[in-house]
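Reading through the structure tokens given below for one structure.
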Amino acid sequence: MMQEIAYAVHAFKEDGTYIACVPELDVSSCGSTNDETRKNIRDAVRSFLEASADKASLDGILEEAGYRRRAGHWEAPEFVALDRETASVRRCLRFVPSTPQLLRQFLRRMAFGSIGSGETIFFRLTLVSRARS
């Protein structure tokens with residue numbers, strides 16, 4: 001018996017590759033064009049659902065993904081929002097001074113605010129000891 005199962009596809013482009021994912025089923029695919037990616041995600045979802053049905057685990061997978069059986073068919077979970085959020089991340093400077101003079105210059109600039117003025121900066125200072133020949 002054939003079942004119709006609806007799903008949402010999220011598609012984006014990353015470094016020249018198109019990527020599509022179906023969050024509620026945890027299925028992803030990719031391609032070199034948007035059309036190829038859409039075809040690939042349909043094939044990937046169909047294969048996933050068929051394999052799950054063959055193993056008699058489709059009902060459990062769909063229920064775990066938020067689907068509900070109503071009037072003999074599966075109803076997809078309702079997405080209430082798709083938001084793009086922004087997170088603030090502390091900047092971390094990595095500085096490896098090659099001479100004591102560069103270390104003093106860096107610390108002086110940090111102290112007088114010409115590096116990271118008005119913000120909290122975390123930095124890792126790595127001192128490298130070099131043997132003199």
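At-a-glance table
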quantity: FRET E, pair SER52, GLU14, Förster distance 25 Å, beta-carbon r, rounded to 0.05; calculated: 0.35
quantity: Ranked THR37, THR99, criterion: other C-beta atoms within 10 Å, fewest first; calculated: THR99, THR37
quantity: The stretch 10-75 - convex hull of alpha carbons, volume per residue in Å³; calculated: 84 Å³
quantity: Burial ordering of GLU63, GLU4, GLU24, fewest other beta-carbon atoms within 10 Å first; calculated: GLU4, GLU63, GLU24
quantity: Pairwise label distance in nanometres, ARG84 with ARG70, each label 7 Å out on the Cα-Cβ vector; calculated: 3.1 nm
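Read-outs: derived from the displayed coordinates by stated rules, not from any lab. Only a predicted model underlies this, so the values are computations on that prediction, with no experimental measurement involved. When we count neighbours, we look across all protein chains shown, and the Cβ atoms used for this are built from the backbone with ideal geometry, even at glycine.
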